[in-house]
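Enquirer: Have a look at this one before I ask anything.
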Amino acid sequence: MKRTLVPGIVSETQAFAPLSPQQSVQEAAEMMADRRIGAAMVVEQGRLVGIFSERDLLSRVVAQGRNPVTTKVADVMTLDPHTLPPDASPREALTIMEKGKFRHLPIVDGDDIVAIISIRDLFAAVNAELTKDLEQRDTLLFGAGYGG
């Protein structure tokens, strides 16, 4: 069975925090810090228009000496980010993230925003899968109870 991003890695009930393009960078940074997230989707009239990440904050605000209180998210977000559908595989997500050199990827189903997946989500899923595979291998080779 093919493992998919939703529900395989990210639960559809896992809340994501959308930003408005008109919010200040300060508000965005506070929300991201409160929720302990590294990126947020920017949504306008229910449509994904961009993504705002820690990297955007660093390179487009701090490094350029912009005032986060007066700078709008719309002015510094990444426009039209790469996306994947919910039935995409974790490998597809990793490949796109590696090629694009980013760590967060929105998941959309047509025009519907489903979730956002991070490299951390993918790492945890791959790590769990590898651990399970190794345990099954050890049981097959050495019998039940090996390593326990």
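The values are calculated or read from the model by the stated rules, or taken from the named source; none is laboratory data. Please read these numbers as outputs of a predicted model, since none were measured by experiment. Positions of Cβ are generated from backbone atoms using ideal geometry, with glycine treated the same way; all protein chains shown enter the neighbour counts.
Enquirer: Where residues in segment 1-41 are more than 21 Å from ARG120 (Cβ to Cβ) and assigned to a loop (DSSP other than H, G, I, E, B), which of them is modelled with the lowest pLDDT?
Expert: MET1
Enquirer: Determine the pairs where a residue that is free of Cβ contacts under 8 Å to residues at least 40 places away in the same chain, located within segment 40-57, has a partner that is among the hydroxyl-bearing types (Ser, Thr, Tyr) and part of a strand (DSSP E or B) with Cβ atoms under 7 Å apart, the partner being 6 or more residues away or on another chain.
Expert: The qualifying pairs are GLY50/THR78; ASP56/THR78.
Enquirer: Follow-up. Can you name the number of the only condition in (1) touching a residue at least 60 places away in the same chain (Cβ under 8 Å); (2) under 16 Å from PHE16 (Cβ atoms) that PRO81 fails?
Expert: (1)
Enquirer: Continuing with this model, one more query. Among the residues of segment 93-148, how many are of a type in the set (Gly, Ala, Ser), touching a strand residue (DSSP E or B) at 6+ places or on another chain (Cβ under 9 Å) and loosely packed, with under 12 Cβ neighbours inside 10 Å? Let's see the steps before the verdict.
Expert: Taking segment 93-148 and keeping what is of a type in the set (Gly, Ala, Ser), we get 93, 100, 110, 115, 118, 124-125, 128, 143-145, 147-148.
Pick out the ones that are also touching a strand residue (DSSP E or B) at 6+ places or on another chain (Cβ under 9 Å) and you get 93, 115, 118.
Then keep just the ones that are loosely packed, with under 12 Cβ neighbours inside 10 Å; that gives none.
So the answer is 0.
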